[in-house]
1. Find the helices (runs of 4 or more DSSP H) located wholly in segment A:133-248 whose residues include 3 or more that are outside the structural domain of A:Thr44 (by TED's automatic domain parsing), and list them.
2. Exactly one condition in (1) in contact with an Asp or Glu (Cβ under 6 Å, 6 or more places away or on another chain); (2) more than 12 Å from every other protein chain (Cβ to nearest Cβ); (3) on the phi > 0 side of the Ramachandran plot is false for B:Gly114; which is it?
3. Considering only residues that are hydroxyl-bearing (Ser, Thr, Tyr) and either within 16 Å of ligand 2 (Cβ to nearest atom) or not in a loop (DSSP other than H, G, I, E, B) (or both), which ones fall in segment B:59-95?
4. Can B:Val48 be described as under 24 Å from B:Phe145 (Cα atoms) and more than 12 Å from the chain's Cα centre (by Cα)?
5. Filter segment B:62-113 down to the residues that are out of contact with any helix residue (DSSP H, G or I) (no Cβ under 6 Å at 6 or more places or on another chain), open to solvent by 10 Å² or more (accessible area, probe 1.4 Å) and within 16 Å of ligand 1 (Cβ to nearest atom) and list them by number.
6. Could you tell me whether any residue of segment B:206-229 is under 16 Å from the mean Cα position of the chain (by Cα) and within 12 Å of ligand 2 (Cβ to nearest atom)?
7. On the basis of being facing chain A (nearest Cβ under 8 Å) and either in contact with a helix residue (DSSP H, G or I) (Cβ under 9 Å, 6 or more places away or on another chain) or buried (at least 24 other Cβ atoms within 10 Å of the Cβ) (or both), does B:Lys134 make the cut?
8. Is one or more of the residues making up segment A:37-48 within 14 Å of chain B (Cβ to nearest Cβ) and open to solvent by less than 30 Å² (accessible area, probe 1.4 Å)?
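The values are calculated or read from the model by the stated rules, or taken from the named source; none is laboratory data. As the structure is a computational prediction, the values presented were derived from the model and not from experiment. Virtual Cβ from ideal backbone geometry, glycine too; neighbours counted across all protein chains shown. All accessible areas refer to the heavy atoms of the entire protein, side chains included, with ligands and DNA or RNA removed. Shrake-Rupley method; radii C 1.70, N 1.55, O 1.52, S 1.80 Å.
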Amino acid sequence: MVEIRQITQAEAIREALEQAMLEDERVMLIGEGVPDPKGIFGTTSGLQEKFGNSRVFDMPLAENGMTGICIGAAISGMRPVIVHQRIDFALLCMDQLVNNAAKWRYMFAGQVNVPLVVRVIVGRGWGQGPQHAQSLQAMFAHVPGLKVVMPSSGYDAKGMLIAAIRDNNPVIYIEHRWLHGISDDVPCEPYSVPLDKAVIRRSGRHATVVAFSFMVVEALLAAKALADLGIDVEVIDARSVRPLDMETIVESVKRTGALIVADTSWKTGGIAGEIVAGVSETAFGFLRHPPLRVALPDLPAPTSHHLTRDYYPDALCLARAIATHLGSDVTDADLVSRLFRTTPHDVPQREFRGPF
Amino acid sequence: MKNDIEALYRDMLRIRRVEEAIADRYAAQEMRCPVHLSIGQEAVAVGVCAALEKKDGVFSSHRAHAHYLAKGGSLKAMLAEIYGKEEGCCKGVGGSMHMIDLEAGFLGAVPIVGATVPLAVGAAWAARLRGEDKVIAVFFGDGTFEEGAVFESINFAVLHRLPVLFVCENNLYACYTRLSTRQADRSIHGVAASCGCNTMSLDGNDVLAVYDAARSAVSDLRNGSTPYFIECATYRIREHCGPNIDDELGYRPKDEVEEWKAACPVARLQSRLDIQPRDRLADMEHAITQEIEEAFACALAGKTPNQTDLEGYLYG
Ligand SMILES: Cc1ncc(C[n+]2csc(CCOP(=O)(O)OP(=O)(O)O)c2C)c(N)n1
Ligand SMILES: [Mg+2]
């Protein structure tokens with residue numbers, strides 16, 4: 001019998017790392033603060049004690065060089081996992097990720113694989129501000145040769161991290177700080193979840209909502225409230241950003257005739273636009289409404305909680321956008337009464353006390 | 001075997017003749033990619049690689065032909081690659097700036113300067129973690145030494161005492177820009193020493209000096225020493241990129257060019273050769289020419305690579 005229990009997503013990630021390291025001695029873990037007392041929000045706690053300091057490493061503040069060093073190790077028989085506490089820091093490794101990791105296999109005509117996992121965390125709230133709260137999935141997804149995933153559930157967080165570590169290609173594994181604290185059913189044993197498949201989280205007839213990462217949480221809340229009011233939306237958790245599982249999305253849009261994409265990032269040049277383009281190219285005739293993107297305004301995240309109040313679209317914003325877009329006559333009061341967020345807008349859970 | 005003067009001479013001469021042949025045929029417009037020739041700099045490649053064993057690894061960058069050949073990379077695969085053929089070491093995906101021959105321990109060269117320095121450190125790190133007895137050497141230029149990733153790599157290699165041999169070919173220029181307009185007035189090897197490397201600074205056109213330095217460094221590295229950084233003074237005789245001599249552009253002082261031409265590493269070693277009878281020198285030239293002719297013929301006769309194979313190279 002499969003043993004399942006509720007654990008937080010941070011614990012699920014930690015368990016995935018531990019099990020991947022147990023199953024394959026080539027797996028190694030490195031990052032700024034990996035063995036420190038905070039253990040990357042608990043996702044790496046105790047791993048150096050368990051696996052020793054020749055498999056679990058802290059590292060110098062040298063993101064690009066260390067990424068290259070991990071690529072060098074990956075092409076020499078190791079399977080490194082490198083972690084950055086914020087995805088913003090990974091911008092310093094764009095050279096190594098884009099020029100080397102993504103292309104090493106290709107440019108040498110398939111002779112060498114790069115089994116590398118880059119864990120990056122999207123920050124939000126509590127004043128993370130312009131340089132600690134970017135959601136850069138589209139930048140990574142633009143690059144052929146990388147795989148890019150954004151799990152939203154604890155089950156997927158564990159299964160996709162194990163799959164990423166077993167994969168022979170560079171995988172950018174994007175976490176969301178607001179998902180770390182959410183508890184979820186997670187099996188005890190190791191298992192993998194495909195890195196290229198979206199999943200329908202809730203079926204519905206009136207519209208397809210494709211959501212990424214934390215926006216899946218908001219989309220499911222919105223869908224539940226809308227269902228009470230007679231609007232039946234399908235929620236797809238995209239899970240993978242590169243490749244995009246357009247098949248699942250297009251198949252859904254063909255049934256519902258409406259597409260709304262809820263992204264954690266900016267609208268311009270974002271992955272939501274890519275989904276809209278893909279659906280328009282292949283299922284234009286099925287669309288009864290123009291596609292809609294619900295994304296961040298084209299501004300870096302401000303810090304003051306007074307300024308972030310309307311920056312992130314939440315379930316209520318999303319539900320309003322969907323209802324209006326579908327031309328429904330539900331009243332705003334109906335939505336507000338169901339979705340008004342009583343937790344302060346800048347923390348993931350009421351108990352969150354900062355600082356990071 | 002490798003350490004005898006005749007073998008060092010032969011390896012340098014072979015690289016020189018290969019690159020001269022590339023330059024001679026470049027105008028035919030069949031090698032349709034940038035080429036960065038090492039003519040004048042062969043001693044660094046040959047001296048260092050002679051001190052390495054086959055199991056040791058080498059990385060390089062845009063100016064890689066000499067390093068690749070000195071480490072034992074296949075000449076045929078190299079020329080086929082420059083001609084964009086299926087038989088090339090990257091089946092035409094790479095070209096001159098992307099050399100690889102895993103069999104020979106030539107682990108890769110790519111044109112982003114500084115890109116392979118961390119990879120070399122990572123390969124040495126993996127060797128350490130896997131308990132393999134391997135030294136990894138990485139060649140780069142004086143300009144590349146300005147890249148942040150190089151410092152990041154040196155720091156980590158020293159921190160973990162990894163078996164890395166950093167080889168800086170200081171030819172005084174990055175493209176057309178002289179060292180003194182790019183770097184403060186201090187030595188490159190001095191900076192490496194302050195990072196904790198064992199350093200040596202030497203005449204990079206003296207293949208015996210390079211070989212001796214590399215041999216002692218490699219032997220220390222095998223015994224667990226901190227990384228070595230050797231700075232080799234050398235000079236590129238032709239243009240930065242392309243087949244020609246570009247002295248007429250005037251970006252390098254005339255007397256400097258003449259001085260370095262006179263210090264040609266191949267000619268210098270020839271004067272120290274003791275080959276009797278002298279005919280054997282001609283035989284050597286002849287054998288090299290034949291090998292080169294044959295490799296060019298193979299490259300020209302090579303198969304056209306298939307565009308449909310590209311997608312399969314992306315993910316493994
Ligand atoms: C990151 C990066 N910046 C710039 C270039 C363009 N570029 C190619 S070679 C070169 C000069 C390199 O100089 P050096 O390291 O001294 O090597 P040399 O060409 O002298 O052998 C430059 C700037 C590049 N390839 N990569
Ligand atoms: Mg130079």
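1. On the way: elements: A:137-141, A:154-166, A:214-228.
By residue number, A:214-228.
2. Unmet condition: (2).
3. Pass one, segment B:59-95, residues hydroxyl-bearing (Ser, Thr, Tyr): B:60-61, B:68, B:74, B:83.
Within segment B:59-95, B:Ser60, B:Ser61, B:Tyr68 qualify.
4. On the way: under 24 Å from B:Phe145 (Cα atoms): yes; more than 12 Å from the chain's Cα centre (by Cα): no.
The answer is no for B:Val48.
5. Of everything in segment B:62-113, those that are out of contact with any helix residue (DSSP H, G or I) (no Cβ under 6 Å at 6 or more places or on another chain), open to solvent by 10 Å² or more (accessible area, probe 1.4 Å) and within 16 Å of ligand 1 (Cβ to nearest atom) turn out to be B:His62, B:Arg63, B:Met97, B:Pro111.
6. Within segment B:206-229, not a single residue is under 16 Å from the mean Cα position of the chain (by Cα) and within 12 Å of ligand 2 (Cβ to nearest atom).
7. Details: facing chain A (nearest Cβ under 8 Å): no; either in contact with a helix residue (DSSP H, G or I) (Cβ under 9 Å, 6 or more places away or on another chain) or buried (at least 24 other Cβ atoms within 10 Å of the Cβ) (or both): yes.
The answer is no for B:Lys134.
8. In the first step, residues of segment A:37-48 are kept if they are within 14 Å of chain B (Cβ to nearest Cβ); the result is none.
No: zero hits.
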